[in-house]
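Student: My structure is below; once you've seen it, I'll send some questions.
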Ligand SMILES: [Zn+2]
Ligand SMILES: [Zn+2]
């Protein structure tokens, strides 16, 4: 005969087992989601906490000089913008699949956004240069007869 004691509906421990909401703040684009490794949350956490000590690691790579390393700390007001810092992890080469620690930088939103904007501007410029070069090569290979003097 088993005495089935009704489990007391009392929570053990008392500390709420909340999952980290950090990742939900990470702007992962749908098209990039599949490119992140399965253990990305662990990698990201390790970079932000173990390496960066919850402080932005940007040393001016975002294009703004902070007079050294950015002073923004996670969950504190950003000294530059005043808004609450949510530390993210940026991929320096913008390839989410490349999770080599050397390719990762814990960054506050301000630095992350600026860093990405810099990259996008460079990409646009490179695309424009490539287009101009391609156009030049086309002109060389196929000179327009009507343009001859
Ligand atoms: Zn920063
Ligand atoms: Zn920065």
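Student: Filter the range 53-74 down to residues that are under 13 Å from residue 86 (Cβ atoms) and either assigned to a loop (DSSP other than H, G, I, E, B) or within 10 Å of ligand 2 (Cβ to nearest atom) (or both), then give me how many there are.
Tutor: Qualifying residue count for the region: 4.
Student: Looking only at the range 75-86, which residues are assigned to a loop (DSSP other than H, G, I, E, B) and without any contact (Cβ under 8 Å) to a residue 60 or more places away in the chain?
Tutor: Keep residues of the range 75-86 that are assigned to a loop (DSSP other than H, G, I, E, B), which gives 75-76, 78-83, 85-86.
The answer is 75, 76, 78, 79, 80, 81, 82, 83, 85.
Yes/no per residue for (1) modelled with pLDDT under 90; (2) surrounded by 15 or more Cβ atoms within 10 Å (Cβ to Cβ):
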site	(1), (2)
18	yes, no
44	no, yes
49	no, no
52	no, yes
57	no, yes
69	no, no
81	yes, no
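Student: Of everything in the range 87-104, what is in contact with a helix residue (DSSP H, G or I) (Cβ under 6 Å, 6 or more places away or on another chain), part of a loop (DSSP other than H, G, I, E, B) and more than 11 Å from ligand 1 (Cβ to nearest atom)? Give them in sequence order.
Tutor: Selection gives 92, 93, 94, 96, 99.
Student: State whether one or more residues within the range 106-123 are touching a strand residue (DSSP E or B) at 6+ places or on another chain (Cβ under 7 Å), outside any helix (DSSP H, G or I) and modelled with pLDDT of 85 or more. Let's see the steps before the verdict.
Tutor: Within the range 106-123, the subset touching a strand residue (DSSP E or B) at 6+ places or on another chain (Cβ under 7 Å) is 106-107, 109, 112, 115.
If we keep only those that are outside any helix (DSSP H, G or I) too, we end up with 106-107.
Cutting the leftovers down to modelled with pLDDT of 85 or more gives us 106-107.
Checked against the condition, which is being touching a strand residue (DSSP E or B) at 6+ places or on another chain (Cβ under 7 Å), outside any helix (DSSP H, G or I) and modelled with pLDDT of 85 or more, the range 106-123 yields at least one hit.
Student: Tell me the residue from 73, 69, 61 that is more than 9 Å from ligand 1 (Cβ to nearest atom), more than 22 Å from residue 121 (Cβ to Cβ) and in contact with a strand residue (DSSP E or B) (Cβ under 9 Å, 6 or more places away or on another chain), please. Working first, answer last.
Tutor: Details: 69 fails: more than 9 Å from ligand 1 (Cβ to nearest atom); 61 fails: more than 22 Å from residue 121 (Cβ to Cβ).
Of the residues listed, the single one that is more than 9 Å from ligand 1 (Cβ to nearest atom), more than 22 Å from residue 121 (Cβ to Cβ) and in contact with a strand residue (DSSP E or B) (Cβ under 9 Å, 6 or more places away or on another chain) is 73.
The values are calculated or read from the model by the stated rules, or taken from the named source; none is laboratory data. Worth saying up front: this structure is predicted, and the values here are computed from it rather than measured. Please note: Cβ atoms are built from the backbone with ideal geometry, for glycine as well, and neighbour counts cover all protein chains shown.
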